[in-house]
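Derivation of every value follows stated rules applied to the coordinates shown; laboratory data play no part. Fair warning: this is a prediction, and the values are worked out from it, not measured in the lab. Glycine gets a Cβ as well: all are built from the backbone with ideal geometry, and neighbour counts include every protein chain shown.
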Amino acid sequence: MCKYREIARVFLKSQMAWRADVAFNMIFTVSRIVFASLLWGIIFAGKDVVAGFTFHGMLSYYIISAFLYQLEMSDGISGEVCARIRNGTFSKYMILPVSIEGYFTAMEAGVALFYLGFDLAAALIWVFIFRIEFVLTADVTIWLCSLCMILLGLFFMVQLNYYLGILTLKYQGIDTFLMIKRHFVELVTGSIIPLALFPEAVVRVMKLLPFYYVTYLPSMLLTGKLAGEAISGLGILAAWCALMQALIRLTWSRYSRKYDGVGI
């Protein structure tokens, strides 16, 4: 654990060198909230409730989901693993005295911890600027379930991006996989449109997928909705994490022998 904590600490500190990235990340968080405010201001014109949301409840959902969406920064893992495998320098990670997947998980933890405060500050600033009557549940149990679900969701996304990266051991390129994943995740996590607006049959299908529990359900729970899905959601997401871990081990054991890296 000390090794992984040190990796996380190193990457947390290294983010301080990239100040422009911090600024852009905050701008993206704010832009999503501004877009949501403009869009839902038009939709709610003359209406008090849409799909079970009040206007301030909808903006509260978007602020939380935008915060969680920006906090998840594991996309770079797949690109890093893919590039290292293709240029023969993936050996750099194979000689480290830690698990390769554990290394990238610790790296993501360090990066996420660094951006945590900035994303939170950006979200809170816009709560005051727009004078949003922020909607949050007061149920401590729901808060604990939401926090566990957020952590599991971040871990699952690390697993997914690491898995897509090691597919380079078999496939020449993984750009198609990454494109499908990026667009699919944006839709199914509810970061663009709340899934409550989708037909019920579609939502039932989405509940079988892990992405439903990465951003959408935690955001809904924290705004006081779908409390009955908290425990089952944790179980489903944990099962997906276990399944993805098994898939990673199977893929690595089957294709790592084909890797012919040079240098470190």
- [ ] Taking the Cα centre of the chain as origin, sum charge times position over the Cβ atoms of Lys and Arg (+1) and Asp and Glu (-1), and report the length of that vector in debye to the nearest 20.
- [x] 740
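Per 0.36 nm of contour for each residue apart, how much would the distance between L151 and L197 grow if the chain were fully extended, relative to their Cα-Cα spacing? Please list the in-between numbers first.
Values: separation 46, 0.36 × 46 = 16.56 nm, distance 2.58 nm.
My answer for the length gained is 14.0 nm.
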Open item on the list: For the chain, set up a GNM with springs between Cα atoms under 10 Å and report which of L154, L96, L222 has the largest fluctuation.
Closed with: L96
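Less than 15 Å Cβ to Cβ from L160, Lys/Arg counted +1 and Asp/Glu -1: what total charge do the surrounding residues give? List each step's numbers first, then the result.
Values: positive: K181, R182, R249; negative: E72, D75, E80, E101, E108, E186.
Neighbour charge sum, excluding L160 itself: -3.
Within region 163-226, report the chymotrypsin sites (Phe, Trp or Tyr not before Pro) that DSSP leaves as loop and that have at most 13 other Cβ atoms within 10 Å. Show your work: numbers first, answer last.
Values: sites: Y163, Y171, F177, F184, F211, Y212, Y213, Y216; in loops: Y171.
When the chymotrypsin sites (Phe, Trp or Tyr not before Pro) of region 163-226 are filtered for loop state and at most 13 Cβ neighbours within 10 Å, Y171 remain.
Given a Förster distance of 22 angstrom, what is the FRET efficiency for W143 paired with L209, based on the Cβ-Cβ distance and rounded to 0.05?
Numbers: r = 24 Å, r/R0 = 1.10.
Once the sixth-power term is evaluated, E becomes 0.35.
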Open item on the list: Calculate the FRET efficiency for A83 and L187 from the Cβ-Cβ distance with a Förster distance of 22 Å, rounded to the nearest 0.05.
Closed with: 0.25
- [ ] With springs connecting C-alpha atoms under 10 Å apart, model the chain as a Gaussian network and identify which of F11, F155, F128 has the largest mean-square fluctuation.
- [x] F128
Task: Euclidean distance between Cα centres, region 80-97 to region 230-250, Å - done: 26
Open item on the list: Using +1 at the C-beta of Lys and Arg and -1 at the C-beta of Asp and Glu, which of V202, Q159, I85 has the Cα lying farthest in the positive direction of the dipole of the chain?
Closed with: I85
TODO: Counting only trypsin sites (Lys or Arg not before Pro) that are in a DSSP loop and have at most 16 other C-beta atoms within 10 Å, tell me the longest site-free stretch of the chain.
DONE: 48-130
Open item on the list: How tilted is helix 230-255 with respect to the longest principal axis of the chain? Cα atoms for both, answer in degrees (0 to 90, nearest 10).
Closed with: 20
Open item on the list: Connecting C-alpha atoms closer than 10 Å in a GNM of the chain, tell me which of G46, G173, G190 has the biggest fluctuation.
Closed with: G46
Task: Estimated FRET transfer efficiency when R0 is 22 angstrom, pair D75-S14 (beta carbons, to 0.05) - done: 0.80
TODO: Evaluate the distance, in nm, between pseudo-label points positioned 7 Å from the Cα of C2 and of K92 along their respective Cα→Cβ axes.
DONE: 2.6
